[in-house]
Amino acid sequence: MLTSVYRVTIAAPDAVRTVSAATEREVALMAESVLRQHEGETLAVGFWVDCSDAAAGRRIAAYLTDLALELEHA
């Protein structure tokens, strides 16, 4: 049985962090936690999603993009 790994790499001005998990939800929550540390400056933070499921990668990216915009204007 193959296990999918979902990975999000977040590049902030001061550091690059990578979080990974076995589910979309887990990796999204981990990445959200990192993004929240940069509230008010999220437009200076980039991220990319690595996983074998393209649709899942798009969902994670869309969620994190929406969150980053929300946190920028919080």
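Rule-based calculations on the coordinates, nothing more; no lab input. These numbers come from a predicted model, not from an experiment. Glycine gets a Cβ as well: all are built from the backbone with ideal geometry, and neighbour counts include every protein chain shown.
Taken about its Cα centre, the chain carries a charge dipole of about 240 debye when Lys and Arg each add +1 at the Cβ and Asp and Glu each add -1 at the Cβ. For the chain, applying the loop criterion from DSSP together with a ceiling of 15 other beta carbons within 10 Å to the GluC sites (Glu not before Pro) yields Glu39, Glu41. Once both labels are positioned 7 Å from their Cα atoms along Cα-to-Cβ, the gap between Asp53 and Ser33 label points is 2.1 nm.
Note on the chain: with a GNM built from Cα contacts shorter than 10 Å, the maximum mean-square fluctuation among Ala55, Ala28, Ala11 falls on Ala55. Among Val16, Val45, Val27, the residue with the largest mean-square fluctuation in a Gaussian network model of the chain, with springs joining Cα atoms closer than 10 Å, is Val16.
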